[in-house]
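So that we are looking at the same thing, I have put the structure below in structure tokens.
The values are calculated or read from the model by the stated rules, or taken from the named source; none is laboratory data. Please read these numbers as outputs of a predicted model, since none were measured by experiment. Counting neighbours? That spans all protein chains shown, and the Cβs are built from the backbone with ideal geometry, glycine included. What goes into the accessible areas is simple: the full protein's heavy atoms, side chains included, and nothing from ligands, DNA or RNA. Shrake-Rupley method; radii C 1.70, N 1.55, O 1.52, S 1.80 Å.
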There are 2 protein chains.
Amino acid sequence: MLLYDDTTGANNPRFVRIFLAEKNLKVPMKQVSIMKGEHKSEEFRKISPSAKLPALVLDDGTVILESVAICRYFENLHPEPPLLGRDAMDKVIVEMWHRRMEFEVMLPMALAFRNTFSPLATMWKQYKDFGEQQKRVADRRLEMLDRELEGRPFIAGEHYTIADIRVQTSFDLFRLAGFEIKEEWINLKQWYETVSSRPSAKA
Amino acid sequence: MLLYDDTTGANNPRFVRIFLAEKNLKVPMKQVSIMKGEHKSEEFRKISPSAKLPALVLDDGTVILESVAICRYFENLHPEPPLLGRDAMDKVIVEMWHRRMEFEVMLPMALAFRNTFSPLATMWKQYKDFGEQQKRVADRRLEMLDRELEGRPFIAGEHYTIADIRVQTSFDLFRLAGFEIKEEWINLKQWYETVSSRPSAKA
């Protein structure tokens, strides 16, 4: 197999790298630099028609796109430690939390980043007012997440899961748009310190 | 159990209704009108803090939010017909296609709808230029979907899955923003006629 990866600034490749690090899995990787625009090459589009990373190609030629689908493939092969849920019901709860984090936290952060972070203005048209509004949406959601983390160590409950990886990777990249964890968000601050001190955070 | 539903115009409640209709499942439902703003009531926010629909409350009080998590719960209980994939590998492929449809088709359509459909201007601030740009993004993606559907009946392959429900429900709602399936998109047109003629489409 071969995992097409990018370490020049994309969010979802790091999501999968952290997932693999948590499972202590080594996978052959090939770098496709988003900064250099290599993801938009005709060659890479044969693998990932929407020019998205990461992409996993299996030995039989099957292509798996989408971070969570790639994680589910590896979770099936290497269930321990479980990062998508521990039993059927827990899998539903983890999926709920992951999706809430993706749509309610990552998405407005990403939209704010793409539309307000000045260095990106050379790459695409930015809609600044919209980006600023999305920044406020994300900030309100982070404040709510601080309350949700009251009394539990991780986003989906007692265990570290892909819901944590989603917020962790979003924050580490999109903070470039000016996001910060406020001093008074004690639970969120504690959570961020905990996840950032895991060895996988270096991935 | 009780499924909180909305039939006044939301996308995700219909996604779950079609899913349940495909499985011929009847679930007790309670209507929460988004048009009347009932989803933002203090009472409903105790169930769904982000004021989102649908929401499923189990008899033991467990709350399941997020359309796909609700579908996975029902798929576990009633596996036939499988709408999330037929075996471990097929589940990965269906998840990939569903996510691609959600982020690449539904999302730009939804952003175009929210930001350009005039009647919504009374409900929130619209960013028209951004909405028009998202309309172009979605149109290009629909054109690509037409090519992807060449030689196969459904989005994830041989069987109708949640990837189809995602595009079907997106198109039926967000077409209000002016989306149409062009005459030359023969595969997409054929697909849309097929999915729309299933009994579940009335849900």
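Taking segment B:78-124 only, how many residues are modelled with pLDDT of 95 or more and either part of a loop (DSSP other than H, G, I, E, B) or in contact with a Cys (Cβ under 8 Å, 6 or more places away or on another chain) (or both)?
Residues flagged as modelled with pLDDT of 95 or more and either part of a loop (DSSP other than H, G, I, E, B) or in contact with a Cys (Cβ under 8 Å, 6 or more places away or on another chain) (or both) within segment B:78-124 amount to 11.
Right, another one. Among the acidic types (Asp, Glu), touching a Lys or Arg at 6+ places or on another chain (Cβ under 7 Å), at positive phi and open to solvent by less than 50 Å² (accessible area, probe 1.4 Å), is that true of A:Glu66?
The answer is yes for A:Glu66.
In this structure, does A:Leu107 turn out to be within 10 Å of chain B (Cβ to nearest Cβ) and of a type in the set (A, V, I, L, M)?
When the stated conditions are applied, A:Leu107 passes them.
Would it be correct to say that B:Phe130 is open to solvent by less than 50 Å² (accessible area, probe 1.4 Å) and within 11 Å of another protein chain (Cβ to nearest Cβ)?
yes
Oh, and also: Going by the conditions given, is A:Arg14 within 14 Å of chain B (Cβ to nearest Cβ) and within 14 Å of the chain's Cα centre (by Cα)?
no
Being more than 10 Å from chain B (Cβ to nearest Cβ), among the hydrophobic types (A, V, I, L, M, F, W, C) and without any contact (Cβ under 8 Å) to a residue 24 or more places away in the chain is the filter here, so list the residues in segment A:45-77 that pass it.
Once the filter is applied, which keeps residues that are more than 10 Å from chain B (Cβ to nearest Cβ), among the hydrophobic types (A, V, I, L, M, F, W, C) and without any contact (Cβ under 8 Å) to a residue 24 or more places away in the chain, segment A:45-77 yields only A:Ala51.
If you go through segment B:104-115 one residue at a time, do you hit one that is surrounded by 14 or more Cβ atoms within 10 Å (Cβ to Cβ), of a type in the set (Lys, Arg) and more than 30 Å from B:Arg86 (Cα to Cα)?
yes
Looking only at residues in segment B:13-45 that are in a loop (DSSP other than H, G, I, E, B), under 26 Å from B:Glu75 (Cα atoms) and basic (Lys, Arg), which one is most open to solvent (accessible area, probe 1.4 Å)?
It comes out as B:Lys26.
Pull out all pairs, ordered by first then second residue, where Cβ-Cβ is under 6 Å, the residues are six or more apart or on different chains, the first lies in segment A:163-188 and is acidic (Asp, Glu), and the second is part of a loop (DSSP other than H, G, I, E, B).
Close Cβ pairs (under 6 Å, with a partner that is part of a loop (DSSP other than H, G, I, E, B)) amount to A:Asp164/A:Ile155.
Still on this structure, I have one more. Check A:Arg136, A:Arg152, A:Arg198 and return the single one that is surrounded by fewer than 19 Cβ atoms within 10 Å (Cβ to Cβ), out of contact with any helix residue (DSSP H, G or I) (no Cβ under 7 Å at 6 or more places or on another chain) and either polar (S, T, N, Q) or in contact (Cβ under 8 Å) with a residue 24 or more places away in the chain (or both).
Sole residue among the options that is surrounded by fewer than 19 Cβ atoms within 10 Å (Cβ to Cβ), out of contact with any helix residue (DSSP H, G or I) (no Cβ under 7 Å at 6 or more places or on another chain) and either polar (S, T, N, Q) or in contact (Cβ under 8 Å) with a residue 24 or more places away in the chain (or both): A:Arg198.
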